[in-house]
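Scroll down for the structure; my scribbles are underneath it.
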Amino acid sequence: MRKATILAALTGIALTVPASAESLPTRQPHLGTRTIPILHAQGLAFRDLNRDGQVEPYEDWRLPPPRRAADLLSRMRPDEKIGQMVHGSLYTTGDDYIVANASQEILDKHVTAMITRLAATPAKLAAANNGLQAIAERGRLGIPLSLSSDPRNQLEGVAGASVAAGGFTAFPDPLGFAAIGDARLTRRSADIVRREYKAVGIRIALSPQADIATEPRWPRIDGTFGSNPALAAQMVGAYVAGIQGGADGIGPDSVAAVVKHWVGYGAAADQGFDSHNYYGRFSAVTQTALPRHVIPFQAAFTAHVAAVMPMYSLPKQLHDAERHSIRTAAGFSRYLLTDLLRHRYHFTGLVLSDWGITNDCHETCRVGAKPGAEPNWSDFSPAWGVEDLAEEDRFAKGVDAGIEQFGGTTRVDALMAALRDGKIAQAQVDRAVLKVLTQTFALGLFEDPYVDPDTAAKLVGNADFLAEAQRTQARSIVLLQANRGLFPLSRATHRRLFLRGLAPQPFAALGFTIVDRPNQADAAIVRLAAPHQLLHPNFAAGRVQHEGALDFQPGDPDLEAVRKIASTTPVIAIVHLDRPAILTSLRPYTAMLAGDFGATDAAVADALTGIVRPEGRLPFELPSSMAAVEKQRPDLPDDSVAPLYPVGFRAVVPTPKINRRASR
């Protein structure tokens, strides 16, 4: 395609880069290189990405990203373009990448967008990412890698959804930020995430999760900002502005945000099962409820989020403008991605599919691993509604729906076949690649894709960030019941503590005496997980997700332990609310009851003793019974009958006197 034609193709494409990116930079940016030569012209320096000894337009950092992208596109072969339309996964061994595999993907398949799930120290991660960028330098056109990550800044990781913090600063889950309800805090915390990601070379955040939690049994509620669309919208908009370094699009200091999962993912059908799994593939979102689920996404659009990721789910109760039922997952639905996302809601950024939607769905994908066999992610495919299509036809249907980059695959041969066979058009490919390249240019990666491992070691998880995160964890804790003079917990009245599920050090450091038996204690503190069941151990996702009943069943070991302890001493119970637990059977045995959304034992100690005031409000209601849960609508928020605690609840407690000497 000639350059003039490609430039003409830009007409009508608005990209989420700031207006300032259209003006010419006046200051020489830092150039990072390993083997790419540096050219000098007019007293300025440029990377000679294609090594031809000339400053080509795409190498000229003075030009705006769309013009540079158009020039680069005009120089690309069809296979190089197709490589831009997939977003692969990096394979690891120990605390490093499998370099031979990465080299093949980058140099042979021309894949330059990849997710990293590498768990390593910040310095090691930075160095490993630099190694990948050095491989990318060897490509014909010198296109740098855009490295992405699932959320890393929380205490726990779940396969397919998040990565445990490791050396990164661990904040509460997004539910905790919703519990506090302070958009400025959310933005400031997202800015810390931005700085940490950028320090190790991660430039795409596969977050935030803008789904609203309308089905209380759904396993992915902990990644949301709760059930209130308006509150979730405030948090989502603040997060996007924080991680992108502003609300006017992406630039060299940004980490590009990918808001997910468009749209209605939280309205999980079939007992709340998740659509990673065949048995949970449907969303129950209805046409009337859909606008509520859109609200948080609109806040992301206002903040000029870089990209949108569609949900896995098949919304079987939705219909298009001609009243035809939607019969495919969102990633294959032209109604959801073009008619709604593009035309009605005017989103102009990139559409990145969720992982693996073009994979083949064989028998194991549909019914799970056979008895005695270990389920694994190699059998994973959420190609709901198109399971029986050929792989290249799934690619073609996704492109036609509006997908511009396919996550979790590097099957460039199938995508190329769809192009060669006329199932997708060259113009569709070019428009998609223009968007991908424009964002890569806007991020500044063509000038310097490298990071400093020493800086990463000093910045990521530094003392100031960790202190801020611990305060935020403590602030997010919700007090549901506080009586008998237990709050704030004081050494003067409750010096001797019995602990279950907590480390003794944080309380011992505050001057409390830790005893071995409840009958020796002035009070007992018990940490509990919210109830859940393992119902589908033969599915790769189902085996790690919290599914099923939300209540403590008779004979539950945690419930029995609390009951027994309460017979001898007052019990302070803290429940980790990754889902809306039913606490009806637990509450009678507690003198004080609280919920957390990801907090260290030290943060719990700070909150219970009043060093940091716990100020969280419930980001969703807590139902009173499973019967009420089963009668509520999965696509409407907080609609169970007679909830034990309503959304927004916080117990009225005295303002604690802060123990400054005990504060860390």
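Derivation of every value follows stated rules applied to the coordinates shown; laboratory data play no part. On a predicted model such as this, the values are computed, not experimentally measured, just so you know. FYI the Cβ positions are ideal-geometry reconstructions off the backbone, even for glycines, and counts take in every protein chain you see.
Under a cut-off of 14 Å between alpha-carbon atoms, report the aspartates and glutamates in cross-link reach of Lys370, not counting same-chain residues fewer than 8 places apart.
Asp379
Once the piece of chain linking Gln28 and Arg366 is laid out straight, how much longer is it, given 0.36 nm per residue of separation minus the C-alpha distance between them?
Gain in length upon complete extension: 116.2 nm.
Rounded to the nearest 20 debye, what is the charge dipole size of the range 82-458 about its Cα centre when +1 sits on each Lys and Arg Cβ and -1 on each Asp and Glu Cβ?
Its charge dipole is roughly 660 debye.
Run the dipole for the range 507-664 about the Cα centre, Lys and Arg Cβ at +1, Asp and Glu Cβ at -1, nothing else charged, and hand back the magnitude in debye, nearest 20.
In debye, rounded to 20, the range 507-664 gives about 600.
Remind me, relative contact order of the chain in percent, using alpha carbon pairs under 8 angstrom and six or more residues apart?
16
Please say if the range 82-458 is rounded, prolate or oblate, where rounded means a/c under 1.5 for a ≥ b ≥ c the square roots of the C-alpha gyration tensor eigenvalues, and otherwise the choice is prolate for a/b larger than b/c and oblate otherwise?
rounded
Can you give me the Cα centroid spacing of the range 94-116 and the range 283-356 in angstrom?
Answer, in whole Å: 31.
Can you check what the net charge comes to around Glu630, using other residues whose Cβ is under 14 Å from the Cβ of Glu630 (Lys, Arg +1; Asp, Glu -1)?
Residues near Glu630 contribute -1 overall.
Multiplying the sequence separation of Asp448 and Ala509 by 0.36 nm and subtracting their Cα-Cα distance, what value in nm do you get?
Stretched out fully, the Asp448 to Ala509 stretch lengthens by 17.4 nm.
Over the range 463-631, what is the relative contact order in percent, taking alpha-carbon pairs closer than 8 angstrom and at least six residues apart?
33
Which angle between 0 and 90 degrees, to the nearest 10, do you get for helix 122-137 versus the longest principal axis of the chain when only C-alpha atoms count?
Compared with the principal axis, the helix lies near 20 degrees.
Taking the simple approach of a point 7 Å from Cα along Cα-to-Cβ for both Arg138 and Asp639, what is their distance in nm?
5.7
Exceeding 22 Å between C-alpha atoms, which entries from my cross-link table qualify? They are Lys564/Lys631; Lys124/Lys435; Lys109/Lys260; Lys81/Lys423.
Lys564/Lys631; Lys124/Lys435; Lys109/Lys260
Rank-order 428-437, 634-643 by packing density, defined as the average count of other C-beta atoms within 10 Å over each peptide's residues, highest first.
428-437, 634-643
Would you please give the FRET efficiency between Ser567 and Glu156, computed as 1/(1 + (r/R0)^6) with r the Cβ-Cβ distance and R0 = 25 Å, to the nearest 0.05?
About 0.20, to the nearest 0.05.
Can you give me the angle between helix 290-302 and the longest principal axis of the chain, using Cα atoms only, in degrees from 0 to 90, rounded to the nearest 10?
60
For the range 567-657, which trypsin sites (Lys or Arg not before Pro) are both in a DSSP coil and crowded by at most 14 other Cβ atoms within 10 Å?
Loop-located and lightly packed - Lys657.
Which FRET efficiency, nearest 0.05, do Ile98 and Gln287 yield, Cβ-Cβ r, R0 51 Å?
The calculated FRET efficiency here is 0.65.
How many nm is it between the label spots at Lys458 and His40, if each spot is 7 Å from the Cα in line with the beta carbon?
It is 2.9 nm.
Over what distance in Å are the Cα centres of the range 236-269 and the range 518-534 separated?
The distance from the Cα centre of the range 236-269 to that of the range 518-534 comes to 37 Å.
Relative to the longest principal axis of the C-alpha atoms of the chain, give the angle of the C-alpha long axis of helix 229-243, reported between 0 and 90° and rounded to the nearest 10°.
Compared with the principal axis, the helix lies near 60 degrees.
Under a cut-off of 17 Å between alpha-carbon atoms, report the aspartates and glutamates in cross-link reach of Lys198, not counting same-chain residues fewer than 8 places apart.
Answer for Lys198, where 17 Å is the Cα cut-off: Asp150, Asp253, Glu447, Asp448, Asp452, Asp454, listed by chain and number.
Can you compute the modelled spin-label distance between Asp248 and Arg500, with each label point 7 Å from Cα toward Cβ, in nm?
Output for this residue pair reads 5.7 nm.
Of Gly166, Ala603, Val386, which is farthest towards the positive pole of the chain's charge dipole, taken about the Cα centre with +1 and -1 on the beta-carbons of Lys, Arg and Asp, Glu respectively?
Of the listed residues, the answer is Ala603.
Given the chain, what percent of its DSSP beta bridges are antiparallel, to the nearest 5?
25
Using helices alone, what [θ] at 222 nm do you get for the chain, with -39,500 (n - 2.57) per DSSP H run of 4 or more residues, divided over all residues and rounded to the nearest 500?
One gets -8500 deg cm²/dmol as the mean residue ellipticity at 222 nm.
Of Pro66, Pro518, Ala396, which is farthest on the positive side of the dipole of the chain, counting Cα position, with +1 on Lys and Arg Cβ, -1 on Asp and Glu Cβ, and the Cα centre as origin?
Farthest along the dipole direction, towards plus: Pro518.
Grab the beta carbon distance between Ala427 and Asp52, set R0 = 30 Å, and tell me the FRET efficiency rounded to 0.05.
Once rounded, the FRET efficiency stands at 0.60.
What order, most packed first, do the peptides 350-362, 230-242, 369-381 have when packing is the mean number of other Cβ atoms within 10 Å of each residue?
Output ranking for 350-362, 230-242, 369-381: 230-242, 350-362, 369-381.
For the range 391-470 and the range 40-87, what is the separation of their Cα centres, given in Å?
17
Assign unit charges at the C-beta atoms only (+1 for Lys and Arg, -1 for Asp and Glu), then state the dipole size of the chain relative to its Cα centre in Debye, rounded to the nearest 20.
1600
Using only the alpha carbon atoms of the range 463-631, find the Kirkwood hydrodynamic radius as the inverse mean reciprocal pair distance, in angstroms to one decimal.
Hydrodynamic radius (Kirkwood, Cα pairs) of the range 463-631 is 16.7 Å.
Based on DSSP, what percent of beta bridges with both residues in the range 513-664 are antiparallel, to the nearest 5?
Percent antiparallel among DSSP bridges in the range 513-664 is about 15.
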